[in-house]
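Enquirer: The structure follows.
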Amino acid sequence: MESTRVAIASDGDVTHLRLDRAAKRNALDDATVAELHRFFATPGAVRAVVLDGAGDHFCAGLDLAEHATRTARDVSAHSAGWHDAFDTIQFGRIPVVAVIHGACVGGGFELAAAAHVRVAERSAFFALPEGQRGIFLGGGGSVRLTRLIGTSRVLEMMLTGRRYPADEAERIGAVHYVVDDGAGFAFGMELARKIAQNAAHSNVAILQALPRIADMSHAEGLFAETMTASLMATEDESRERIAAFFEKR
Ligand code: 1HE
């Protein structure tokens, strides 16, 4: 099915996804989330993704127009749908670099949190206006954002409507890099190309194992790490890459 909400462009090993609904500040309606889900469920031979937004903002969060008339049952199904879609991103096989500018609010921040690397341009700001709108997180923010920046900060953001600008977002660990306005896409592509050069099986292990191990007890985590490490090291490609290091190739 042709994409109308997310522009998709291939550049070698890296695929660029752009939320493409600038007139509505890339608010996440059902069609957008379905298109993201579809892409990440069957990404093909992609090695890394750069995700950004068209226009002046990364993403204005949940499409409030669609949401206004939902019943409790609708909201439950809607939230579960976002959970599926965003889990498919976080626990997929493709590292995702989110490049954020302007608003990254509500569900937009939840989406960014499902990515693996976050780059903010100086114009970026982060907020959780759910309290102001009389709703709640629904795209996994209670789980992903609290792990990313801490429950206390998420709680405070939701209560007060506080906006974190890019440099403060970096300080609290919400983003990994801050770059000048207009420089985010090129920098995000550079990171994605670097990531694409890693062994694909290591990238998958990083995405799949690391967050799960972080949720385990100490003893279970160490066991899972040993299992993951032993599976990785016996891949032919691992042997070849280590040999290449010693042969200075
Ligand atoms: C929207 C949305 C939206 C803009 N749903 N239509 N999200 C929010 O509470 C954020 C709401 N949006 C904003 O605060 C502002 O739009 C922005 C700061 C992002 C951008 O401001 P600005 O001045 O550039 O744009 P604007 O004039 O406010 O909006 C432009 C158009 O986009 C306008 O439509 P138009 O037909 O009048 O031109 C807006 O109605 C439309 N628009 N944001 C629908 N969000 C699963 S739970 C997740 C819970 C949440 O995400 S809560 C946070 C919701």
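Enquirer: Considering every residue within the range 13-28, establish whether at least one is more than 13 Å from the ligand (Cβ to nearest atom), more than 21 Å from residue 102 (Cβ to Cβ), among the polar types (S, T, N, Q) and open to solvent by 40 Å² or more (accessible area, probe 1.4 Å).
Expert: no
Enquirer: Something else: So how many residues does the range 59-91 have that are farther than 11 Å from residue 110 by Cβ and either touching a residue at least 40 places away in the same chain (Cβ under 8 Å) or near the ligand (Cβ under 8 Å from one of its atoms) (or both)?
Expert: Looking only at that region, the number is 13.
Enquirer: Residue under question is residue 142, and the condition is that it be assigned by TED's automatic domain parsing to the domain that holds residue 12, among the polar types (S, T, N, Q), in a helix (DSSP H, G or I) and surrounded by 14 or more Cβ atoms within 10 Å (Cβ to Cβ); does it hold? Walk me through it before giving the result.
Expert: Working: assigned by TED's automatic domain parsing to the domain that holds residue 12: yes; among the polar types (S, T, N, Q): yes; in a helix (DSSP H, G or I): yes; surrounded by 14 or more Cβ atoms within 10 Å (Cβ to Cβ): yes.
Criteria met by residue 142.
Enquirer: Ok, one more. Within the range 29-54, which residues are buried (at least 20 other Cβ atoms within 10 Å of the Cβ), not aliphatic (A, V, I, L, M) and not in a strand (DSSP E or B)?
Expert: 32, 35, 39, 40, 47
Enquirer: Which of (1) more than 19 Å from the chain's Cα centre (by Cα); (2) open to solvent by 20 Å² or more (accessible area, probe 1.4 Å); (3) assigned by TED's automatic domain parsing to the domain that holds residue 54 does residue 130 not meet, given it meets every other one?
Expert: (2)
Enquirer: Out of the residues in the range 200-249 meeting the condition of being in a loop (DSSP other than H, G, I, E, B) and closer than 23 Å to residue 114 by Cβ, tell me which one is least open to solvent (accessible area, probe 1.4 Å).
Expert: Here is the first cut: in the range 200-249, the ones in a loop (DSSP other than H, G, I, E, B) are 215-217, 234-235, 247-249.
From the residues that got through so far, the ones that are closer than 23 Å to residue 114 by Cβ too are 215-216.
On the way: 215: 98, 216: 78 Å².
Filtering first and then ranking leaves 216.
Enquirer: Residue under question is residue 102, and the condition is that it be on the phi > 0 side of the Ramachandran plot and at pLDDT 95 or above; does it hold? Explain how you work it out, then say what you get.
Expert: Numbers: on the phi > 0 side of the Ramachandran plot: yes; at pLDDT 95 or above: yes.
Criteria met by residue 102.
Enquirer: Test residue 168 against the criterion of being open to solvent by 20 Å² or more (accessible area, probe 1.4 Å), in contact with a strand residue (DSSP E or B) (Cβ under 9 Å, 6 or more places away or on another chain) and without any contact (Cβ under 8 Å) to a residue 24 or more places away in the chain, and give yes or no.
Expert: Values: open to solvent by 20 Å² or more (accessible area, probe 1.4 Å): yes; in contact with a strand residue (DSSP E or B) (Cβ under 9 Å, 6 or more places away or on another chain): yes; without any contact (Cβ under 8 Å) to a residue 24 or more places away in the chain: yes.
Yes; evaluated as a whole, the condition is true for this residue.
The values are calculated or read from the model by the stated rules, or taken from the named source; none is laboratory data. This structure is a prediction, so every number in the text was calculated from the model and none was measured. Here Cβ is always computed from backbone atoms with ideal geometry, including for glycine, and neighbour counts include all displayed protein chains. Note: areas computed on protein heavy atoms with side chains; ligands, DNA, RNA excluded. Shrake-Rupley method; radii C 1.70, N 1.55, O 1.52, S 1.80 Å.
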